[in-house]
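J.: Dropping a structure here in structure tokens format, bear with me for questions.
The values are calculated or read from the model by the stated rules, or taken from the named source; none is laboratory data. This one's a predicted model, so the numbers in the text were calculated from it and none came from an experiment. Ideal geometry is used to build each Cβ from the backbone, glycine not excepted, and the neighbour counts take in all protein chains shown.
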Amino acid sequence: MTEIAAAVRRGRLVRVAPYVLASSVEERQADLFLIERYTIAAGIALTTASFSDPGQPPPIGERSGWRAARQYAEQGYAHGIVAIARSALTTEPAAYAALLNDLFAHQLFLALLSAED
């Protein structure tokens, strides 16, 4: 995040794709609104495309919304993915580490609004 913040300060456009895990349309819209406020305050651009999965989803690697967000970023449309909290991704430490390693291997990053865990 330090490198990202430095890039923003240097005037480089940093773009993130929002990913939301939500049980309802209203929850999804509320989370996207929070993400938009966060990215604006941080000076980070938000992609026009957003990605989501319904509540109580399968493991992160099996979610169509997450896979689409990751592929979108890997194709160069975003530098990373932003989510509300780690719990929207996975609560399993090994799965979270694997997710971060995968993003890092593709020169992508993950930003979270909540500092839980």
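J.: Out of segment 28-44, which residues are surrounded by fewer than 14 Cβ atoms within 10 Å (Cβ to Cβ) and at pLDDT below 90?
T.: Of everything in segment 28-44, those that are surrounded by fewer than 14 Cβ atoms within 10 Å (Cβ to Cβ) and at pLDDT below 90 turn out to be Ile40, Ala41.
J.: Let me ask something additional. Scan (1) part of a helix (DSSP H, G or I); (2) in contact with a helix residue (DSSP H, G or I) (Cβ under 9 Å, 6 or more places away or on another chain); (3) under 13 Å from Ala17 (Cα atoms) for the single condition Ala95 breaks and write down its number.
T.: Condition not satisfied by Ala95: (3).
The rows are residues; the columns are (1) at pLDDT 95 or above; (2) outside any helix (DSSP H, G or I).
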{"residue": "Trp66", "(1), (2)": "yes, no"}
{"residue": "Ala69", "(1), (2)": "yes, no"}
{"residue": "Gln75", "(1), (2)": "yes, no"}
{"residue": "Val82", "(1), (2)": "yes, yes"}
{"residue": "Ser87", "(1), (2)": "no, no"}
{"residue": "Thr90", "(1), (2)": "no, yes"}
{"residue": "Ala111", "(1), (2)": "no, yes"}
{"residue": "Ser114", "(1), (2)": "no, yes"}
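J.: Does segment 53-61 include one or more residues that are part of a helix (DSSP H, G or I) and either touching a strand residue (DSSP E or B) at 6+ places or on another chain (Cβ under 8 Å) or exposed (fewer than 14 other Cβ atoms within 10 Å of the Cβ) (or both)?
T.: Checking segment 53-61: at least one residue is part of a helix (DSSP H, G or I) and either touching a strand residue (DSSP E or B) at 6+ places or on another chain (Cβ under 8 Å) or exposed (fewer than 14 other Cβ atoms within 10 Å of the Cβ) (or both).
J.: Same structure again: How many residues, within segment 73-92, are closer than 14 Å to Val20 by Cβ and buried (at least 18 other Cβ atoms within 10 Å of the Cβ)?
T.: 6
J.: Follow-up. Go through segment 61-99 and count every residue that is over 11 Å from the mean Cα position of the chain (by Cα) and of a type in the set (A, V, I, L, M, F, W, C).
T.: Adding up the residues that qualify gives 6.
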